[in-house]
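Let me begin by presenting the structure, written as structure tokens, before commenting on it.
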Amino acid sequence: MSTSRIVVTGIGASSPIGGTAPDSWSALLAGASGTRTLEYDWVEQYNLPVTFAAQAAVRPDTILERPIAKRLDPSSQFALVAAMEAWADAGSPEVEPERLGIDFATGIGGLWTLLDAWDTLREKGPRRVLPMTVPMLMPNAAAGNLSLHFGARAYARTVASACASSTESIVNAIEHLRDGLADVVIAGGTESVIHPVTIASFASMQALSKRNDSPETASRPGSIDRDGFVMGEGAGVLILETEEHAKARGAKIYAAVVGGGVTADSYHITANDPEGTGAARAVRLALQMAGASTADVTHINAHATSTPVGDPNEYVALKSVFGDRIDDIPVSATKASTGHLLGGTGALEAIFTIKAIGERLAPPTINLTEQDPAVPFRISGEAQPLGSGDQLAISNSFGFGGHNAVVAFASV
């Protein structure tokens, strides 16, 4: 295994608060909310109990050429748009196809394609179902299409571990680069499942906020009056490469990705372990890989979905790792602004974490009314300075199925 550091040389994002990574970051610092009322006939048609979500600020099919967009589910459209931005941001690296890999993720995959095809079958018969239906709906469609677009032949792998998916894909990319399987990896995740079925299902399990009268303030991690998460959509992409490769081509470097940890709770299919054992172990594994201690951590991007149970459970997990010091580390809960992108959320929040340590500024957590005493993180409605010294930050992602994934970034 190589001992080379792995670095981030490009970032790209399509999110509810911006069509690019810079626009998303600027909106985050400005305290924007990407949540708004859904303006679709099906909201009233199905009498949905939740009438809002965090839709992407820019539709990907307005950016991609029409023939390309028509062959892709929206989840793959978001992935391609964000990846093209990240690739250009990295200077379009010249790399042999056999040395370029794809580590990508989604939580659910091509849901819109699947359910639209089902409607077509029922209403118009089997001859009207598009032949591209399966290639569009399969969970590995985003990875496969990125491989085709960029000519990546080292590998094209897909992770589907619910809301931990894209953080896990970044951890996989670290390992694959260190194992010498590639020189450059396109890593990240995508999701586009703001659909009546998912809204109805999440609402049925009491997971979604129901603040229909105030959607912009519905996601409120850490607040005592939080009542659930907000569904979001979009994609985040990182270009990762060995430090030697990046320096040899004179690439700019945002940060080093120095550690990652992936664990499983084996506790419950939807609820996370209230003792936070698996989540805490993922944090420890990330710090161990980074060769760092808890004293080195200067910032945390919390998973913090704004659910009544999830937020305090995350605090319990981090308290078991950091002890009393957890109350002094600047924490951001960025889903307050973006909603929850499910399989795409980890990659987007990794970008926010990278920008935070680069600019020495922890982004604000909006909608923080009265902070819950059971979630006494050092969070704030204002951006928090991180100081001028070396920075080490972690970003947490936890998903249905008991998946835990944590990635650590260091300033350069």
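Here, each number is a calculation from the coordinates, and none is a lab measurement. None of the values given here were measured: they were computed from a predicted structure. Quick reminder, even Gly has a Cβ in these numbers, built from the backbone with ideal geometry, and neighbours come from all protein chains shown.
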What span do the alpha-carbon atoms of segment 185-320 cover on each of the three principal axes, reported in whole Å from largest to smallest? 53, 33, 27
How do 277-290, 63-76 rank on mean C-beta neighbours within 10 Å, highest first? 277-290, 63-76
Tell me which residues come under 5 Å, amide H to amide H, from ALA156 once H is placed; ignore anything under 5 positions away on its chain. ILE102
Counting only DSSP loop positions in segment 41-99, the chymotrypsin sites (Phe, Trp or Tyr not before Pro) whose Cβ has at most 14 other Cβ atoms within 10 Å are TYR46
Give a residue-ordered list of calculated ³J(HN,Hα) values for segment 261-267 (Karplus: 6.51 cos²θ - 1.76 cosθ + 1.60, θ = phi - 60°; whole Hz; x for Gly, Pro). x, 10, 9, 10, 6, 6, 10
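What shape does segment 69-131 have by the C-alpha gyration tensor, where a ≥ b ≥ c are the square roots of the eigenvalues, rounded means a/c under 1.5, and otherwise prolate means a/b greater than b/c and oblate the rest?
Values: a/c = 3.13, a/b = 2.88, b/c = 1.09.
Prolate, since a/c reaches 1.5 and a/b exceeds b/c.
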If packing is taken as the average number of other Cβ atoms within 10 Å across a peptide's residues, how do 10-20, 341-351, 249-259, 113-123 rank, most packed first? 341-351, 10-20, 249-259, 113-123
Convert each backbone phi in segment 185-190 into a coupling constant with the Karplus relation 6.51 cos²θ - 1.76 cosθ + 1.60 (shift: θ = phi - 60°), then list the ³J(HN,Hα) values in order as whole Hz, x for Gly and Pro. 10, 9, 10, x, x, 8
Counting sequence-distant residues (5 or more places) and residues on other chains, those with an amide H built under 5 Å from that of GLY189 are ALA105, GLY236, ALA347
Tell me the net charge near VAL321. Cut-off is 10 Å between Cβ atoms, VAL321 excluded, with +1 for each Lys or Arg and -1 for each Asp or Glu. +4
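So between TRP118 and ILE253, what do we pick up on full extension, going 0.36 nm a residue minus the alpha carbon distance?
Numbers: separation 135, 0.36 × 135 = 48.60 nm, distance 4.56 nm.
Using 0.36 nm per residue and subtracting the Cα-Cα distance, I get 44.0 nm.
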Residue-averaged [θ]222 nm for the chain, counting only DSSP H segments that reach four residues, each worth -39500 (n - 2.57): -10000 deg cm²/dmol
Listed candidates (1) 136; (2) 127; (3) 208 - label of the one calculated as volume of the Cα convex hull per residue in Å³: (2)
In sequence order, what are the phi-derived ³J(HN,Hα) couplings for segment 396-409 according to the Karplus relation 6.51 cos²θ - 1.76 cosθ + 1.60 with θ = phi - 60°, rounded to whole Hz, with x for glycine and proline? 9, 9, 10, x, 3, x, x, 7, 10, 9, 9, 10, 10, 10
Distance in Å, no decimals, from the C-alpha centre of segment 24-41 to the one of segment 152-208 is 22 Å
Computed FRET value (nearest 0.05) for GLU370 with ILE269, which takes r as the C-beta separation and R₀ as 25 Å: 0.20
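Quick one: which of 138-149, 230-241, 261-272 comes out on top by average Cβ neighbours within 10 Å, and what's the full order, highest first? Kindly include the intermediate steps, with their values, before the conclusion.
Values: 138-149: 21.6, 230-241: 30.9, 261-272: 17.1.
Going by the mean number of other Cβ atoms within 10 Å, highest first, we get 230-241, 138-149, 261-272.
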Residues of segment 327-343 with amide nitrogen under 12 Å from the 7 Å Cα-to-Cβ point of ARG36? none
Below 14 Å, Cα to Cα, which aspartates and glutamates can LYS252 reach? Residues fewer than 8 away in the same chain don't count. ASP89, GLU241, GLU243, GLU244
